[in-house]
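The values are calculated or read from the model by the stated rules, or taken from the named source; none is laboratory data. Since the model is a prediction, treat every value here as computed from it, not as a measurement. All Cβ positions, glycine included, derive from the backbone under ideal geometry; neighbour counts span all protein chains shown.
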Amino acid sequence: MQLINMKTLWITADEALARLGSKRQTLYANVSRGRIRAKPDPSDPRRSLYQADDVQRLAERHAGRRQAAVVAAEAIRWGEPVLPTTISNIAGGRLFYRGHDAVELSAKATLEEVAALLWQSPETISVPAVSDHDSSQSRQAATFRLLAGRIERDLPALGRRPAILKVEAAEVLATVATGLAPSRELVPLHQRLALGWKRPEAAEPIRKCLVLTAEHELNVSAFAARVTASSGAALSAATLSGLATLTGPRHGGAWLSVTRLAEQAASVGVREAIRGMLSSEGVVRAFGHRLYPDGDPRAKAIMASFKVPELYAALAEAGEDLLGEPANLDFSLAALAARFDLPEDAPLVIFALARTVGWLAHAMEQVQSGELIRPRAHYTGS
């Protein structure tokens, strides 16, 4: 697999402006003065690309002049990076796992192989089959219970060698798989899900989904996992913290708004459904992503792996026409579930199982850093 040389990275105008926090005219002025290098975009000669290092250097210079408290507050709200990591990054509209393009990895890799890459394990992670499973609970509830049981007996992660933590991480992943993808067959996780749902024909698209949702930089759940791990808590506790964030509608539950949109579209038509969601919520969560101004590459790759249902295809087209935003990852997971008639919670199950790999990578990296995450609060009361 070929590594990406980040020193030659070129970014779009929108990304440059986001980093600089300036107006478009200021960006052009910096280019004309030689402070930022620019070149034509090969995919669209009408646009330009900007040298990321130049933009970053200028952004840091400007940030140094601003009040530290203001910079810190803005960084935690979709701002500049606040924690060092070698696990993943998003640049130029692409997602990379340790320097490898995630979309390219998804062509053949399994979630277990991605776990080995993100955890820097010399061997592919093996997830044992389950001999017994309590089917009286929902998969999410069962996973909460299993992880909570582990926390009581697992050792704190702090002070233990990385090789030992990687072994324990595989055990924690197996625990999550017991709750989310129970199976008595020793097969890869994407096949366990497909067979468990009695949809073997969905195995390949599910595999691609698992790979492309395994990790996504410092998102809400990854940050929660890192905060917990920074305390020295067990890897199972960090994983439980990440899983807990998925109960919120703005992260793990975002796919529900897509299914509601599809239900409305089936009743009143795609245009009116979009209009209705804009009127009631002020946003249509099925489309667009702040980190991918030109479209979410994960969604595009996932929806290319199966025949998108006619209703969802019409919604995707209407989203681009009416909002100027392509379908995002949440849309693609909901479309997958609709295409193969998967259970209602299938998008959440796929997302949670895959993201466990990323949470564990972040937890181990945070433990190895030896740092406690403890930001200061800016008091604004009376």
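Would you point out which residue out of Ala244, Ala234, Ala238, Ala254 is touching a residue at least 12 places away in the same chain (Cβ under 8 Å) and surrounded by fewer than 21 Cβ atoms within 10 Å (Cβ to Cβ)?
Ala244
Quick check on segment 310-344: of everything there that is within 16 Å of Thr213 (Cα to Cα) and not aliphatic (A, V, I, L, M), which residue is surrounded by the fewest Cβ atoms within 10 Å (Cβ to Cβ)?
Ranking the candidates gives Asn328 first.
Only one of (1) farther than 25 Å from Arg226 by Cα; (2) among the aliphatic types (A, V, I, L, M); (3) touching a Cys at 6+ places or on another chain (Cβ under 7 Å) fails for Ala304. Which number is that?
If we test Ala304 against (1) farther than 25 Å from Arg226 by Cα; (2) among the aliphatic types (A, V, I, L, M); (3) touching a Cys at 6+ places or on another chain (Cβ under 7 Å), just (3) comes out false.
Here's the yes/no breakdown for (1) more than 14 Å from the chain's Cα centre (by Cα); (2) within 17 Å of Leu173 (Cβ to Cβ):
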site	(1), (2)
Arg339	yes, no
Glu344	yes, no
Pro347	no, no
Ala363	yes, yes
Pro375	yes, no
Thr380	yes, no
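Which ones in segment 270-322 are assigned to a helix (DSSP H, G or I), over 23 Å from Gly93 (Cα atoms) and not hydrophobic (A, V, I, L, M, F, W, C)?
Arg271, Glu272, Arg275, Gly276, Ser279, Ser280, Glu281, Glu310, Tyr312
Name the one entry in Leu336, Leu372 that is assigned to a loop (DSSP other than H, G, I, E, B) and either of a type in the set (Gly, Ala, Ser) or out of contact with any His (no Cβ under 8 Å at 6 or more places or on another chain) (or both).
Of the residues listed, the single one that is assigned to a loop (DSSP other than H, G, I, E, B) and either of a type in the set (Gly, Ala, Ser) or out of contact with any His (no Cβ under 8 Å at 6 or more places or on another chain) (or both) is Leu372.
Mind listing just one residue for me: the one in segment 16-75 that is exposed (fewer than 10 other Cβ atoms within 10 Å of the Cβ) and among the basic types (Lys, Arg) and, of those, modelled with the lowest pLDDT?
Among those residues, the one meeting the criterion is Arg65.
Quick one: which of Gly196, Gly269, Gly276 is surrounded by fewer than 22 Cβ atoms within 10 Å (Cβ to Cβ), over 22 Å from the mean Cα position of the chain (by Cα) and at positive phi?
Gly269
Against the conditions (1) assigned to a loop (DSSP other than H, G, I, E, B); (2) aliphatic (A, V, I, L, M); (3) modelled with pLDDT of 95 or more, where does Leu158 fall short? Just the number, please.
Condition (3) is where Leu158 drops out.
Can you say whether Glu201 is surrounded by fewer than 23 Cβ atoms within 10 Å (Cβ to Cβ) and either modelled with pLDDT of 95 or more or in contact with a strand residue (DSSP E or B) (Cβ under 6 Å, 6 or more places away or on another chain) (or both), as far as the supplied structure shows?
Spelling it out, Glu201 is indeed surrounded by fewer than 23 Cβ atoms within 10 Å (Cβ to Cβ) and either modelled with pLDDT of 95 or more or in contact with a strand residue (DSSP E or B) (Cβ under 6 Å, 6 or more places away or on another chain) (or both).
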